[in-house]
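Beneath this line is the structure, given in structure tokens, with notes to follow.
Coordinate-derived values only; no laboratory data. Just so you know, these numbers come straight off a predicted model, no measurement behind them. In this analysis, Cβ positions are derived from the backbone assuming ideal geometry, glycine residues included, and neighbour counts consider all displayed protein chains.
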């Protein structure tokens, strides 16, 4: 591991993914990572062309939101975490908010050390799409049997080969993952259906393929034991559609110890 | 009054004002009115260049939202109101939603017959701006004395000359209006301060100037009796700043009889 160039900070951030091509820097548009790096470079008054590299706990795709993304980077000087947070929130675009910062040891790595991740998927069940939720939920005005959906989700809990739930674009070899929480519920206003998944890792598009299939189960177009079948056949072509990105939120990343005081998703 | 060219419909609509230059058609960008007229013309299969003119209960400025705007127009044929609503929600951009439609008599006019209007102003009081509320609230992280604000608002209730609260751009002669409700409260999550104003009419920018001044009162930068003073001096230059548009919502328009089953803002 490279020697860090300064003080290593871990930060809890949230963002509205709408204006971004995703978390990670890409050539084809604005990324969350680039926006944060730009603000860090300004804050540190770096010479043009130099950067402070930001590492994320994981990528989020274009349009995917985060309520509890964790990042780390090495900053050239020590700043009080509160001062750091205030300065960054002044500099960054308001689609990104830094909730908390803390100094970590130089061997801390936000991706390698992540133990579990938790995602939320929001579904707007209004008859007609709510204008104020159109960028933040999937609109799905068809009837959903929540009991059937929960029964199906129970089959996913535990350790399984999730090949049927993985984008064929992946190049990963080990497709076994463990899910600890898989829950569906209506929100208190009965306008949304909320799906939470927590596991030790997620394959590319895994949450969105689970949600896409789960909606077919909830509609009755697929049987309640569909997930059990998909876990057995291990074939992506058998799985349901990939639900769109704008209903998806990275809710929380878990480490051996709780890193932050603020916490969006405690069980 | 012109003879209507068909069936007169009154509709309850809501919209996210972010992508629009305002409700009313203007040369410099997209308007809510133009978006609705475009969808009506498509639905009625009008020849190119013909339009079905939409009347709104009142204008909303660029960035101002509506949860209960009311419109009317004359449609060339009769359609079941539910069918009408479904078709329009399929055609219109998802930033606009039609909540309800009903057939009204040909002498109904959405603006001339409006008796009262109610507005909501949302203030995000988080320390750092919430990314998911940045387009839907004013961010104001300073301490606010809600009791002082409510005391001040009480002075506005009743019939007054609101010259001090009217944009100098107005050409109206009678600046007397009556306020029936003027209330401030924290939301149940204690993340927002919500201001509601209901009256028989509002001058141009009146709600936003009241809110801008009210924030100064809540901060302690202006005394609690500031509104009383402003009502007396009748001078726009003495009033506080105009609060930005994106915290403002047209909540409800009242007529002699309740027009719609759905209702966002019953007292």
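Observations on the model:
- Cα pair distances in chain B, grouped into 10 Å bins until the bin that holds the longest one, percent each: 7, 29, 33, 21, 9, 2
- Across peptide A:127-139, the average count of Cβ atoms from other chains found within 10 Å of a residue's Cβ is 5.
- Computed E for residue B:55/residue B:261 - FRET, C-beta separation, R0 22 angstrom, nearest 0.05: 0.55
- Globularity ratio of the protein assembly as shown, using Cα Rg and 2.2 N^0.38 Å: 1.10
- Helix B:206-219 axis, angle to chain B major axis (alpha carbon atoms, nearest 10°): 30 degrees
- Per-residue average of Cβ from other chains inside 10 Å of B:11-17: 2
- Rounded if a/c under 1.5, otherwise prolate or oblate - the stretch A:66-213, Cα gyration tensor axes: oblate
- Other copies of residue A:30: label-to-label distances in nm, shortest first, labels 7 Å along the beta-carbon direction: 1.6
- Helix B:32-43 axis, angle to chain B major axis (alpha carbon atoms, nearest 10°): 20 degrees
- For residue A:178, the point set 7 Å out from Cα toward Cβ sits 7.0 nm from its twins in the other copies, listed from shortest up.
- Sites residue B:7 and residue B:30, calculated FRET efficiency, Cβ-Cβ separation with R0 30 Å, nearest 0.05: 0.65
- Residue-averaged beta-carbon neighbours from other chains (10 angstrom radius) around B:88-99: 3
- Residues of the stretch A:130-164 falling in the label zone of residue A:235, defined by backbone nitrogen less than 14 Å from a point 7 Å along Cα to beta-carbon, are A:163-164.
- Between identical copies, the spacing of residue A:141 label points, each set 7 Å from Cα toward the C-beta atom, reads 4.0 nm from nearest to farthest.
- Against chain B, whose longest principal axis is taken from its Cα atoms, helix B:81-91 shows a tilt of about 80°.
- Spin-label pair residue B:151/residue B:219, simplified geometry with 7 Å Cα→Cβ offset, distance in nm: 2.0 nm
- Dividing the mean sequence gap of close Cα pairs (under 8 Å, 6+ apart) by how many residues chain B holds gives a relative contact order of 23 percent.
- Mean separation of Cα contacts under 8 Å (6+ apart) over length of the stretch B:7-113, as relative contact order %: 42 percent
- Residue-averaged [θ]222 nm for chain A, counting only DSSP H segments that reach four residues, each worth -39500 (n - 2.57): -6000 deg cm²/dmol
- Most to least packed among A:220-228, B:158-166 [average Cβ atoms within 10 Å]: B:158-166, A:220-228
- A compact globular protein would have a Cα radius of gyration near 2.2 N^0.38 Å; the ratio found for the stretch B:155-267 is 1.11.
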